[in-house]
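For reference, the structure discussed in these notes is given below.
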Amino acid sequence: MRFLPAGDLAVCVELGEAISVEVNTRVRALEFLIQQKGLTGVVETVPAYSSLLVYYDPRAIGYEPLCAGIAELVPQATTAVLPPPRVVELPCCYDDSELGFDLVGAAKRLELSTDDVVRLHAGAEYLVYFIGFTPGLPYMTGMPERITIPRLDTPRTKTPPGSVGIGGIQCCIYSVESPGGFWILGRTPVPLYDPSASEPTLLRPGDRVRFRRIDRSEYDSIGAAVAARSYQPVIS
Amino acid sequence: MIRILDAGPQTTVQDLGRTGQMRYGIPPSGPVDRFAFVLTNRLVGNPDTAAALECTLMGPRFEVTAAGAFAVTGADMPVTVNGQAAAGWSTIALKAGDVVKLGPARTGVRSYIGFAGGLDVPLVLGSRSTYLRGRIGGLQGRALRKGDELAVLASGAVPPRRVVRDAIPDYTVEPTVRAVLGPQADRFTDHGLRALFGGRYEVLPQSDRMGSRLRGPRIEHARGHDIISDGIALGSIQVPGDGQPIVLLVDRQSTGGYTKVATICSSDIWRVGQARPGQSLRFQAIPVDEAHRLLRESDRALEAAVREESA
């Protein structure tokens, strides 16, 4: 464990130097404990793969006492303290070249049929390590090894929101139109970021995500329900 | 009510910013120059948290439909009321129908216009601040446009106040910006650190509320410029592969995968935000304790900055 100063208002608590479910679980457990105990002076927390950025008010607590208070919680930061994860089901249309525009290319690269790629991808459960980069964008793991694939040689400048992509051992869903280097296998009609909603972001760190394969007509009908504000995401 | 006759290149509603949303990827937003922002609110008798306008390089022209008071702080944009010059850094009374104009900034980048009572736009996730890329807060999540109307919350009578001369910054001076090393200072060579703290860095025009892009002596990495993505604090000096720094500001991405050599002290962020493209700045490394001392000093300076006008 290392405490790395990040200016006068934040400290980065590094719990490991690898991307692993084990380290990330400790990061989220530490965040949960800090929030639950209402640690003096803590303003807000941002989990990432293997570290937690803790924003604090130096008028309320000094750097050393803050780090000492956090260090005391680290041994207790295990899966056991975390509440049960939410499971979020995201409908995803793979079978339309307009939406999953890299599916054929990825299948070719992986030497699999497109159907195998979709079955493998939709059959897995994903863990949201953290949210970052753009509002509501999940960094996820849980990809079947057989579909790990190097990122695109040339990142594209625009990826439509809702695009479900894979790259390396990771899966991500673009929350707003942005550049990106992932292979896009499909698209979900459920917005991950909706500026007009009272809670604009759908996913949270620690959520489990399952994809449900849908066809284009269901994609369009869910899209229409989303637009009419009558769609309720499936969260258990 | 305030009716916008000309909006200026980028005028947005800001308050002190959003808290607790970075874990969902939503940055705090709020004023780039918190010092000038707080002062404009204090000049018109508002709490520091009231919403005001942030204008970039050039101000708006607007008409008020009711009597009230306003103040302008920050970048030196010439202020006129019905064509008559008015003073910045002081309370200015307005009557219904008055037309106010802020011209192009002579020094600095960002001006703040505070209105007695504060601007009345809906709270989004606890804040009135505009986050342009995320299209939330302020007026419909966007910069102001000609024809927009903004409501102002009710206020009591406002005694005239001014900011004392000593507290008004000179934005033409090349600033020395204090920074705390880390979180990834160990990823840079001694040569790279000497470059950062010995050189001069010029502000590039591609700078915005997300980050200030700088150009100067290359900040050399010891081993690779990529890290396992982590959270990005206000004022982080991020250094990608080209060795050129980017200072991350209020609309920054919440996490990122580039090394961050040092983090600018919160009490010096405004110096970066008010440096114009082409202006340069220097960096100085200080320990965390010293940064906290500077913050307390800056709080005290704010307390002492505003005086009641003696009639």
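None of the figures in this text is laboratory data; all of them are computed from the coordinates on show. None of these values were measured; they are calculated from a predicted model. Because the Cβ atoms are built from the backbone with ideal geometry, glycine has one as well, and the counts that use them run over all protein chains shown.
Once the cut-off is 28 Å, how many percent of the Cα-Cα pairs in chain B end up in the long-distance tail?
Here the tail beyond 28 Å accounts for 39 percent of pairs.
Taking R0 as 35 Å, what's the FRET efficiency between B:Arg165 and B:His191 from their Cβ-Cβ distance, rounded to 0.05?
With R0 = 35 Å, the Cβ-Cβ based efficiency is 0.25.
Within the stretch A:69-87, whose backbone N sits under 14 Å from a point 7 Å along Cα→Cβ of A:Glu22?
Only A:78-79 fall inside the zone, counting backbone N under 14 Å.
What is the fewest-to-most order of A:Ile173, A:Ile184 by other Cβ atoms lying within 10 Å of their Cβ?
Exposure proxy ranking, most exposed first: A:Ile184, A:Ile173.
On average, how many beta carbons from a partner chain sit within 10 Å of the beta carbon of a residue in B:253-260?
5
Restricting things to alpha carbons, find the Rg to Rh ratio for the stretch B:78-158 using the Kirkwood radius for Rh.
0.98
Which of the peptides B:209-221, B:297-309 is most tightly packed, and how do the rest follow, going by the mean number of other Cβ atoms within 10 Å of each residue?
By packing density, highest mean first, the sequence is B:209-221, B:297-309.
So what does the Cα-only Debye profile of the stretch B:176-303 read at q = 0.11, 0.21, 0.22 Å⁻¹, as log10 I(q)/I(0), no solvent term?
-0.34, -1.27, -1.39
Take peptide B:178-185, look around each residue's Cβ out to 10 angstrom, count Cβ atoms belonging to other protein chains, and average those counts.
4
Percent of alpha carbon pairs in chain A separated by more than 24 Å?
Cα-Cα pairs in chain A separated by more than 24 Å: 49 percent.
Mind checking Rg over Rh on the stretch B:120-224, alpha carbons, Kirkwood formula for Rh?
So for the stretch B:120-224, dividing Rg by the Kirkwood Rh gives 1.12.
Given 10 °C and 1.306 mPa s, how large is the Stokes-Einstein diffusion coefficient of the stretch A:1-92 in µm²/s, with Rh as the Kirkwood radius over Cα pairs?
Rounded to a whole number, D works out at 116 µm²/s.
Taking only DSSP H segments of four or more residues, each worth -39500 (n - 2.57), what value at 222 nm results for chain A once the sum is divided by all its residues, to the nearest 500 deg cm²/dmol?
Rounded to the nearest 500, the figure is -7500 deg cm²/dmol.
How much mean residue ellipticity at 222 nm does chain B get from its helices, if each DSSP H run of length 4 or more adds -39500 (n - 2.57) and you divide by all residues, to the nearest 500 deg cm²/dmol?
That calculation yields -4000 deg cm²/dmol at 222 nm.
Kindly give Rg over Rh for the stretch B:2-167, based on alpha-carbon atoms, with the Kirkwood expression for the hydrodynamic radius.
The Rg/Rh ratio comes out at 0.94.
Can you sort A:Ser230, A:Ser163, A:Ser113 so the residue with the fewest Cβ neighbours within 10 Å comes first?
Starting with the residue having the fewest Cβ neighbours, the order is A:Ser230, A:Ser113, A:Ser163.
What is the average number of partner chain Cβ atoms found within 10 Å of a Cβ in A:50-63?
4
How tilted is helix B:34-43 with respect to the longest principal axis of chain B? Cα atoms for both, answer in degrees (0 to 90, nearest 10).
Between helix and principal axis, roughly 20 degrees.
Run the numbers for A:Thr78 and A:Ala225: contour at 0.36 nm per residue of separation, minus the present Cα-Cα distance, in nm.
The span from A:Thr78 to A:Ala225 would gain 49.0 nm if fully extended.
Restricting things to alpha carbons, tell me how big the protein assembly as shown is in terms of Rg and Dmax, in Å.
So, for the protein assembly as shown, Rg and Dmax equal 24.6, 84 Å respectively.
Quickly rank A:97-109, A:198-210 as a protection proxy: mean count of other C-beta atoms within 10 Å, highest first.
A:198-210, A:97-109
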